[in-house]
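A.B. asks: The following block contains the structure, expressed as structure tokens.
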Amino acid sequence: MISGGLPEAAGQTSNAATEPLRYPVPWGLVFSLSGHVRRGSQTDVNAFTRGVVARMDPAPVYEGMEHLPPSPRFLLIANHYQRKGLWILHTASAITQAVRGHYGGGDPPVRWVVTANWPRWKIGPWRFPSPGDLLLPRVAHALHCYSIPFAGKDPKRTARSLRRILNEAHRLERPIGLFPEGVAGSAGTLGPALAGVDRFLRQLARAGMPAVPCGVSEQGRFVIRFGAPMTAQELMESPDAAREMMLRVGKLI
């Protein structure tokens, strides 16, 4: 689930072990999406995410790749890892490239879900929807993502998005990626899943999709660690599939 606004200004990569890594925002790649956003067209996600990861120094480390299922048709559940100097775009791109390297061809390598739960803006006594509510779905489309406003923010659009995902899930040949914490998630903490995520997991489990936990952390460099899948049957039988998946993610970070 790709979510959140722009990160705070990032400087150069730090080589000091006591300082967190700082990955500059790849503005050239970000701005390259503007034409797709205007036209309603879609970019090459593999090339885009490869370009983001190529600018990450040191490069990410991938662990637990042996846990990825033989079929790429699964849910990929990761913690929303973002902080000053490291945008969620870096996290999603690094995971996407891990999947691409493991399963090979096909674009997009991952169909990410964008939560689109932006806080309302406030100016004086007036409150109004964030411009991100209009822009983010367009950016999501350009990157082959699904846009779902969880937590009851826009029930009609949520229902339309869910129907689309469920209709496509049976023939999908790539993972559906999700950051269940949404914009509230940040590096160093693991929060609860957004309302509605449990139902989302169960619906896709009924379509036969297992869920793979992915923990994102830092150990002197960016570390992405995959865990053993939770089968579709286990998801449906769990009293709270979203909570169970977050617990499994937590053991990987």
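The values are calculated or read from the model by the stated rules, or taken from the named source; none is laboratory data. The structure presented is a predicted model; accordingly, all values stated were derived computationally and were not measured. Neighbour counts are summed over all protein chains in view; Cβ atoms, including those assigned to glycine, are modelled from backbone coordinates with ideal geometry.
A.B. asks: What number goes with the only condition from (1) under 17 Å from the mean Cα position of the chain (by Cα); (2) modelled with pLDDT of 95 or more that N117 does not pass?
C.D. replies: Among (1) under 17 Å from the mean Cα position of the chain (by Cα); (2) modelled with pLDDT of 95 or more, N117 violates only (2).
A.B. asks: Would you pick out the residues in the range 137-192 that are basic (K, R), part of a helix (DSSP H, G or I), closer than 20 Å to A207 by Cα and out of contact with any Phe, Trp or Tyr (no Cβ under 8 Å at 6 or more places or on another chain)? Please lay out each step first, then the result.
C.D. replies: Keep residues of the range 137-192 that are basic (K, R), which gives 138, 153, 156-157, 160, 163-164, 171, 174.
Remaining after also requiring part of a helix (DSSP H, G or I): 138, 156-157, 160, 163-164.
Cutting the leftovers down to closer than 20 Å to A207 by Cα gives us 160, 163-164.
Of everything in the range 137-192, those that are basic (K, R), part of a helix (DSSP H, G or I), closer than 20 Å to A207 by Cα and out of contact with any Phe, Trp or Tyr (no Cβ under 8 Å at 6 or more places or on another chain) turn out to be R160, R163.
A.B. asks: Kindly provide the set of residues from the range 56-88 that are farther than 13 Å from I224 by Cβ and either out of contact with any Gly (no Cβ under 9 Å at 6 or more places or on another chain) or among the polar types (S, T, N, Q) (or both), ordered by number.
C.D. replies: Within the range 56-88, D57, E66, P69, P70, S71, F74, Q82, K84 qualify.
A.B. asks: On to the next question. Which residues, taken from the range 90-107, are at pLDDT below 95 and either surrounded by 14 or more Cβ atoms within 10 Å (Cβ to Cβ) or in contact with a helix residue (DSSP H, G or I) (Cβ under 9 Å, 6 or more places away or on another chain) (or both)? Don't jump to the end; show me each part of the working.
C.D. replies: From the range 90-107, those at pLDDT below 95 are 104-107; that's our starting set.
Correct list: G105, G106, D107.
A.B. asks: Give all pairs with beta carbons closer than 9 Å in which a residue from the range 171-187 that is farther than 22 Å from P109 by Cα and at pLDDT below 90 meets a residue that is surrounded by fewer than 17 Cβ atoms within 10 Å (Cβ to Cβ) and among the small types (G, A, S); count only pairs at least 6 apart in sequence or on separate chains.
C.D. replies: From the range 171-187, the pairs are V183/G5; A184/G191; G185/G191; A187/S217.
A.B. asks: Then there's this: Please count how many residues of the range 229-247 are touching a residue at least 40 places away in the same chain (Cβ under 8 Å) and either touching a strand residue (DSSP E or B) at 6+ places or on another chain (Cβ under 8 Å) or surrounded by 18 or more Cβ atoms within 10 Å (Cβ to Cβ) (or both). Even if it seems obvious, please write down each step before you answer.
C.D. replies: Initial filter on the range 229-247 (touching a residue at least 40 places away in the same chain (Cβ under 8 Å)): 229, 240-243, 245-246.
Among the residues that remain, those that are also either touching a strand residue (DSSP E or B) at 6+ places or on another chain (Cβ under 8 Å) or surrounded by 18 or more Cβ atoms within 10 Å (Cβ to Cβ) (or both) are: 229, 241-242, 245-246.
Counting residues in the range 229-247 that are touching a residue at least 40 places away in the same chain (Cβ under 8 Å) and either touching a strand residue (DSSP E or B) at 6+ places or on another chain (Cβ under 8 Å) or surrounded by 18 or more Cβ atoms within 10 Å (Cβ to Cβ) (or both) gives 5.
A.B. asks: Take the residues in the range 25-81 that are in contact with a Ser or Thr (Cβ under 6 Å, 6 or more places away or on another chain) and part of a helix (DSSP H, G or I), then tell me which one is nearest to W112 (Cα to Cα).
C.D. replies: Looking at the filtered set, the residue picked out is T49.
A.B. asks: Considering every residue within the range 205-222, establish whether at least one is of a type in the set (K, R), buried (at least 18 other Cβ atoms within 10 Å of the Cβ) and out of contact with any Phe, Trp or Tyr (no Cβ under 6 Å at 6 or more places or on another chain).
C.D. replies: Narrowing the range 205-222 to residues of a type in the set (K, R): 206, 221.
With buried (at least 18 other Cβ atoms within 10 Å of the Cβ) added as a condition, the list becomes none.
No, the range 205-222 has no match at all.
A.B. asks: Could you list, in sequence order, the residues of the range 36-52 that are free of Cβ contacts under 8 Å to residues at least 60 places away in the same chain and of a type in the set (D, E, K, R)?
C.D. replies: Matches in the range 36-52: R38, R39, R50.
A.B. asks: Next question, about the same structure. For F200, state whether it is out of contact with any strand residue (DSSP E or B) (no Cβ under 7 Å at 6 or more places or on another chain) and crowded, with 19+ Cβ neighbours inside 10 Å.
C.D. replies: Values: out of contact with any strand residue (DSSP E or B) (no Cβ under 7 Å at 6 or more places or on another chain): yes; crowded, with 19+ Cβ neighbours inside 10 Å: yes.
In short, yes.
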